[in-house]
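What follows draws every value from the coordinates through simple rules; no lab data is involved. As the structure is a computational prediction, the values presented were derived from the model and not from experiment. Methodologically, a virtual Cβ is constructed for each residue, glycine included, from the backbone with ideal geometry; neighbour enumeration extends over all protein chains shown.
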Amino acid sequence: MLKIIKVKNYEEMSKEAAKIIAETVKARPNGVLGLATGSTPIGTYRKLIDMYESGELDFSELTTVNLDEYRGLTGENDQSYYYFMHKNLFDHVNLRKDASFLPDGSKANAQEECKRYEELVKNLGYADLQLLGIGRNGHIGFNEPSDVFEVTTHCVKLTDSTIDANKRFFESESDVPREAYTMGIGTIMHARKILVIASGVDKALAVRDSFFGPVTPKVPASILQFHQDVVVVADEAALSLSN
Ligand code: F6R
């Protein structure tokens, strides 16, 4: 079942998303939370940190798994998703140091790393709740529009436009990662609950095509229509093309 919650703006989206995550964590304090990077979840993480600081939320028994990571970056690199997660959430709450997992960008053998990560998430029993942002083209994780849905964790080649967009964060274009690891569509769909957050008019087309159009690998997030428990928290701008 797909439920859409329309909110006013980014702030309200962050509040509502944090509330839904907190409900899951309180119901299963030793469960598995699936997390995402990007600009959309930063406000949600801020709210979760506030809830931890006020004593409302406890992360001490929780395990987290992240959707994706650049291949070729170590955790010390400030462009890695490992770094992002520590800076925006992990360093500010009482998660155990050994209870947060991301694909390891420093591993040389891509095939082995994908297999290891998929097994790891599977052995944890998959996520109780997976948080997702959505790309302007409807991507989730690094699952880009394609002719097929890739099922398990895999390594993707970044498109020239992504490399070009990312180069401002690096000293030179040759430092920009060319590849990334991402959970597959199947890995994501195994989550018991999926929470999609979207804010801004930039996401309006993706939101419309993902949740109000046909299910197709050309719009990867559209597969979520087949999931039994999806909540989309989107602001008015992100819903401006959907009725
Ligand atoms: C991040 C991720 C991506 C983003 C998407 C939206 O881990 O997997 O799919 O969720 O690119 O990014 P923002 O939130 O920056 O618009």
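With a simple spin-label model that places each label point 7 Å from the Cα along the Cα-to-Cβ direction, the separation between residue 146 and residue 120 comes to 2.0 nm. For residue 160 and residue 86, the difference between the fully extended length at 0.36 nm per residue and the C-alpha to C-alpha distance is 23.8 nm. Under a model in which nothing but the beta-carbon of Lys, Arg (+1) and Asp, Glu (-1) is charged, the chain shows a dipole of about 580 debye around its Cα centre. Between the listed residues 124, 230, 199, the Cα displaced farthest toward the positive end of the dipole of the chain, a dipole computed from Cβ unit charges relative to the Cα centre, is found at 230. Of the residues 189, 13, 51, the one that moves most in a GNM of the chain with alpha-carbon contacts below 10 Å is 51.
Excluding residue 141 itself, what net charge comes from residues whose Cβ is under 12 Å from its Cβ, given Lys and Arg +1 and Asp and Glu -1? Can you show the working numbers first?
On the way: positive: none; negative: 68, 69, 144, 150.
Residues close to residue 141 contribute a combined charge of -4.
Label-to-label distance, residue 1 versus residue 96, with points set 7 angstrom from Cα along the beta-carbon direction: 3.4 nm. Database remark: amide H of residue 71 closer than 5 angstrom to the amide H of 179, 180, 181 (H placed geometrically; neighbours at sequence offset of 5 or more, or on other chains; Pro and chain starts carry no H).
According to the square roots a ≥ b ≥ c of the eigenvalues of the Cα gyration tensor, what is the shape class of segment 118-243, taking rounded for a/c under 1.5, prolate for a/b larger than b/c otherwise, and oblate for the remainder? The shape class here is oblate.
This ranking places 147, 209, 202 by how few other beta-carbon atoms lie within 10 Å of each, fewest first, which gives 147, 202, 209. What shape does segment 40-82 have by the C-alpha gyration tensor, where a ≥ b ≥ c are the square roots of the eigenvalues, rounded means a/c under 1.5, and otherwise prolate means a/b greater than b/c and oblate the rest? Since a/c reaches 1.5 and a/b is larger than b/c, the shape of segment 40-82 is classed as prolate.
Calculated mean residue ellipticity, 222 nm, the chain: -9000 deg cm²/dmol, from DSSP H runs (n ≥ 4) at -39500 (n - 2.57) each, averaged per residue and rounded to 500. Under 5 Å between amide hydrogens, built in the peptide plane, is the criterion, and for residue 4 it picks out 232 among residues at least 5 positions away or on other chains.
Taking other C-beta atoms within 10 Å as the exposure proxy, 67, 33 rank 33, 67 from fewest upward.
For the chain, taking Cα atoms only, Rg and Dmax work out to 16.9, 47 Å respectively.
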